[in-house]
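**Student:** Let me give you the structure first, and then I'll get to my questions.
The values are calculated or read from the model by the stated rules, or taken from the named source; none is laboratory data. All figures in this text were calculated on a predicted structure; none of them were measured in a lab. Note: ideal-geometry Cβ built from the backbone for every residue, glycine included; neighbour counts use all protein chains shown. For accessibility, only protein heavy atoms count, side chains too; no ligands or nucleic acids. Shrake-Rupley method; radii C 1.70, N 1.55, O 1.52, S 1.80 Å.
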Amino acid sequence: MSLKENKSSIVLSIVLLLIAMLSIQSGASLAKSLFPLIGAQGMTALRLGLGTIILMIFLRPWRKHKTRVPAAGARWWLLAYGLSLGGMNLLFYMSLRTVPLGIAVALEFIGPLAVAMFSSRRIVDFLWIGLVIIGLALLLPLNQSVDGVDPVGACYALGAGVFWALYIIFGQKAGANYGTRSVALGALVATAVAFPIGVAYAGASMFSLAILPVAIGVAILSTALPYSLEMVALTRLPAKTFGTLTSLEPAMGALSGLIFLNETLSFMQWAGLGAVIIASMGASMTIKPKGKLESVAAGEGNAA
């Protein structure tokens, strides 16, 4: 490949990645519009269920891999991976009930950022940790002002971040044994957990044909389209570039919330959002994780 073609490929990959992030956050905004009808629990079940069907069709995980043979006990890693995926999605949508999209994404993003940070031991890492702490101080409800974030919603978002971190760790183990099949199989486990919760909360409303088009739109925008575009970008971009760009996810969430949900943030909240973004960018550019955490912690599997 010539230098010109290589530059064109990188530019195209960056554009595709930006579209993927916008797609994910637009899907989250669309999902939030259904909360009054089926709740966050019902929306989680529908998003995971429809997303799993899409992944099953395209990945066909029932086919046996010719060279990859799962190790003994590998099913437990797959189960843990699916449970963490389900918990991440459910808690994130629960947080969106009372927390603006951009802030919820920023709080959740701390999970994979922590995984990357804990895999490194250099002095510069403390700078990024300090910025995260500053960002949290600005984002979390430390006072009773009108701009304060709902503490319960904030805890849900932070809990989603914990599950995102576990998703990364267990996803590595599952992926090492099942390859790309682990994505579809893990989504199936997540659906098996989330679907009964969704049905218990939303009941028959979850199966209304009136909301099906919107639910399919959420599944496509939040799962099928962004994951496909991210996969193309991952194969063409250096891991650090990928990680740096995905650090813009909270800003994309705030922008999407502003455009589609009319969610406005205070100056302090924007400052906190910026601190988390800068910390994530800095970590992506300077931290040298062990193993493959660099690419995984860069933003794959975002619950939004």
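**Student:** So the check is Cβ under 6 Å with 6+ separation or different chains; which pairs have a first residue in the range 85-113 that's in contact (Cβ under 8 Å) with a residue 60 or more places away in the chain and a second one that's of a type in the set (D, E, K, R) and in a helix (DSSP H, G or I)?
**Tutor:** Qualifying pairs under 6 Å: 92/108; 96/32; 105/249.
**Student:** Name, by its number, the condition in (1) surrounded by fewer than 24 Cβ atoms within 10 Å (Cβ to Cβ); (2) modelled with pLDDT of 90 or more; (3) assigned to a loop (DSSP other than H, G, I, E, B) that does not hold for residue 80.
**Tutor:** (3)
**Student:** Can you name the residue in the range 88-129 that is among the charged types (D, E, K, R) and under 24 Å from residue 268 (Cβ atoms) and, of all such residues, is nearest to the chain's Cα centre (by Cα)? Don't jump to the end; show me each part of the working.
**Tutor:** Residues of the range 88-129 that are among the charged types (D, E, K, R), as a first pass: 97, 108, 121-122, 125.
Next cut, under 24 Å from residue 268 (Cβ atoms) only: 97, 108.
On the way: 97: 17, 108: 8 Å.
Taking the candidates together, the pick is 108.
**Student:** Here is a follow-up. Taking only the range 24-55 into account, find how many residues are over 18 Å from residue 191 (Cβ atoms) and open to solvent by 10 Å² or more (accessible area, probe 1.4 Å).
**Tutor:** 7
**Student:** Here are some conditions: (1) modelled with pLDDT of 85 or more; (2) in a helix (DSSP H, G or I). Residue 99 meets all but one. Which one does it not meet?
**Tutor:** (2)
**Student:** A further question on this structure: If the requirement is being modelled with pLDDT of 90 or more and either within 13 Å of residue 104 (Cα to Cα) or assigned to a helix (DSSP H, G or I) (or both), which of these qualifies: 271, 279? Reasoning before the result, please.
**Tutor:** Values: 279 fails: modelled with pLDDT of 90 or more.
Exactly one of 271, 279 is modelled with pLDDT of 90 or more and either within 13 Å of residue 104 (Cα to Cα) or assigned to a helix (DSSP H, G or I) (or both), namely 271.
**Student:** Before we move on, is residue 87 modelled with pLDDT of 90 or more and surrounded by fewer than 23 Cβ atoms within 10 Å (Cβ to Cβ)? First the steps, then the outcome.
**Tutor:** Numbers: modelled with pLDDT of 90 or more: yes; surrounded by fewer than 23 Cβ atoms within 10 Å (Cβ to Cβ): yes.
Judged against the criteria, residue 87 is a match.
**Student:** Which residue pairs have Cβ atoms closer than 8 Å, lie 6 or more positions apart in sequence or on different chains, and pair a first residue in the range 184-201 that is in contact (Cβ under 8 Å) with a residue 24 or more places away in the chain with a second residue that is of a type in the set (A, V, I, L, M, F, W, C) and surrounded by fewer than 19 Cβ atoms within 10 Å (Cβ to Cβ)?
**Tutor:** 184/56; 184/59; 188/56; 189/79
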